[in-house]
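Colleague: After the structure tokens below, expect a handful of questions from me.
Just so it is clear, none of the values below were taken in a lab; they were calculated from the coordinates. This structure is a prediction, so every number in the text was calculated from the model and none was measured. Every residue, glycine among them, receives a Cβ derived from its backbone with ideal geometry; neighbour counts consider all protein chains shown.
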């Protein structure tokens, strides 16, 4: 894991003095293991500029990495934030020795030399890199297939500036750090930014699975990977599907445990993280190592008292006992509030990120850093594809008129009750062919039942701003999922949606400030493509969702975990206790007449949300992301 940056002046005009050091200083707040930049050729007719790198050592090979690097034979210069996972496969093709002396960046450089713009098709792993070809006078930027590493850029007819954090670009002094209107609007309603959206005006983000070429002919952006929804795998034996999936999970986890330092894993007690932890422990044990697990749990005083979080400690211990994991770290974030982390987050990144998962992982990162961990495994984005719930299964069966399969699955859900099954099937048929009639018969649901409207009512923007920026419509446009006629099409949409890459980017950025690299085995491209190609008929069996993954986990996880279906989504139970800790501090802020809130914020709405947080009841539909996002923003004081 690293930060990289660079500047190319196409006009040949000299770069502003101090631009390189400014970018390096802006990006070095996390104390990198190595930091340097180098100037690019400045001969007549050649663009002028520089490349830079701030390196975090994680893999054994990274200990010998020196970036930026210029290949004397080809004249190509590379800087990279990368981990290449298929080194053994690439070595004979690229003429490289797979040993500790060959860093991952060399695989990228050789791949660029051999395959040119198509190199992304051959590289597996997490990466964002830049290659300058001095002979072609061309800059090449690329980003991995899933978006685990971010890369931002600013371009005009004279120059292109890039960095793995947007503040690196504004640190040149040539691009204003003005928040984009769309960015503010989106974080106020909890909408994830588009795959190419950056927080600052005129800055863009290279989308996942894309590369960018910039030269005399201009800028060209091209997608190099898109999961194929038409490919389907067929085996003669059903068990072969589960055996192959298990092999690919094991391979993906092994690739992610390559480390020169202790390895850790987030463990919630659910299916995804339990599988990752079990496979990682088995791999590390073969190499005389052991996995550290880190689990968010409630403090003792909050057990059974803080909705909606339940304590997963029993499941965590169950998995650890089964896998033989002794290094267990339970994270309660005791004594921490939320305000200090919000302010620190904005200072680090230079913009309000909006409330998301990584913000409240600070206590976990601190514990992992204290344990010497530099690689942290995550079960995300398992739900989005690899451990898919089989959404649209019934639509696909209806579309293809597989009524026997439909009856079997609906009957399983209804305990074999004939009349309930018939009624459920009839309703599904009507919903598909006459949805208006079904809505008429059921009656319109109360407005309170619509979570999108509830989310909008929790927005703390002024009415004028909400109307001008169409905030309610933003929520509906970005959260209303189209109806698909196949499981595969829905899964393809989920694994490529904006939420996935934004969470990956944010988790990676936050962890870096604690000297750690996130790794996500369930984002492995081989595994993603395989699971996407599985027949829909095995995604749900006997009313059991996530069936292939459960079968692949046989023997790796306790049966109680393997077949559980009561786990909620990604949650950090210490959030509410932390809000309680800072409750008085937030009240003072909200009632301080010296505080000047941004003009688009309604202070009365902020106080109303705070009151609802203080009195949160079991059925209170409260969406405080807007409230949190404003607390992260700069507030003027008289």
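Colleague: Using r as the Cβ-Cβ distance of residue 485 and residue 244, and R0 as 45 Å, what FRET efficiency do you calculate, to the nearest 0.05?
Modeller: Working: r = 26 Å, r/R0 = 0.58.
Computed FRET efficiency for residue 485 and residue 244 comes out at 0.95.
Colleague: Put a dot 7 Å past each Cα toward the Cβ at residue 63 and residue 178; how far apart are the dots in nm?
Modeller: 4.9 nm
Colleague: Additional query: Using the Kirkwood radius over C-alpha pairs as Rh, can you work out the diffusion coefficient of the range 576-637 via Stokes-Einstein at 10 °C, viscosity 1.306 mPa s, in µm² per second?
Modeller: Details: Rh = 12.3 Å.
D, rounded to a whole number, is 129 µm²/s.
Colleague: Over the range 148-197, what is the relative contact order in whole percent, taking alpha-carbon pairs under 8 Å and six or more residues apart? Before the final figure, lay out each step's value.
Modeller: Working: 36 pairs, mean separation 10.4, N = 50.
In percent, rounded to a whole number, it is 21.
Colleague: Next question. What FRET efficiency would be calculated for the residue pair residue 287, residue 433, taking the C-beta separation as r and a Förster radius of 60 Å, to the nearest 0.05?
Modeller: Taking R0 as 60 Å, the efficiency between residue 287 and residue 433 is 0.55.
Colleague: A follow-up question, please. As a test of the formula, what do you get for the chain when each DSSP H run with n ≥ 4 contributes -39,500 (n - 2.57) and the sum is divided by the residue count, at 222 nm and rounded to the nearest 500 deg cm²/dmol?
Modeller: Taking each H run of at least 4 residues, the total per residue is -11500 deg cm²/dmol.
Colleague: Next question. FRET efficiency for residue 251 and residue 97, Cβ-Cβ distance as r, R0 = 25 Å, nearest 0.05?
Modeller: 0.70
Colleague: Right, here's the next one. Taking 0.36 nm per residue of separation and subtracting the Cα-Cα distance, what length does fully extending residue 634 through residue 347 add? Mind showing how you got there, number by number?
Modeller: Values: separation 287, 0.36 × 287 = 103.32 nm, distance 0.96 nm.
Extra length available between residue 634 and residue 347 comes to 102.4 nm.
Colleague: Between residue 401 and residue 216, with labels modelled 7 Å along Cα→Cβ, what's the label distance in nm to one decimal, could you check?
Modeller: Between residue 401 and residue 216, the simple spin-label model gives 6.2 nm.
Colleague: Step by step: find N for the range 337-383, compute 2.2 N^0.38 Å, then divide the Cα radius of gyration by it. What's the final number?
Modeller: For the range 337-383, the normalised Cα radius of gyration comes out at 1.30.
Colleague: Full-extension gain between residue 560 and residue 464, please, as 0.36 nm times their residue separation minus the C-alpha to C-alpha distance.
Modeller: So the extension gain works out to 29.4 nm.
Colleague: Mean separation of Cα pairs under 8 Å and 6+ residues apart, divided by the residue count of the chain: what relative contact order is that in percent? Don't skip to the answer; put the middle values down first.
Modeller: Values: 1154 pairs, mean separation 109.5, N = 638.
Computed over the chain, the figure is 17 percent.
Colleague: Can you compute the modelled spin-label distance between residue 201 and residue 457, with each label point 7 Å from Cα toward Cβ, in nm?
Modeller: 3.6 nm
Colleague: Just the Kirkwood number for the range 2-223, please: inverse of mean 1/r across all distinct Cα pairs, in Å, one decimal. Please list the in-between numbers first.
Modeller: Working: mean 1/r = 0.0567 Å⁻¹.
Taking every pair of different Cα atoms in the range 2-223, averaging 1/r and inverting gives 17.6 Å.
Colleague: Starting from 0.36 nm per residue, how many nanometres of slack lie between residue 327 and residue 604 once their C-alpha separation is accounted for? Numbers along the way, then the final one.
Modeller: Details: separation 277, 0.36 × 277 = 99.72 nm, distance 4.70 nm.
Gain in length upon complete extension: 95.0 nm.
Colleague: Just want to confirm a number: the relative contact order over the range 576-637, from Cα pairs under 8 angstrom separated by 6+ residues, in percent.
Modeller: Details: 25 pairs, mean separation 25.7, N = 62.
Contact order relative to length: 41 percent.
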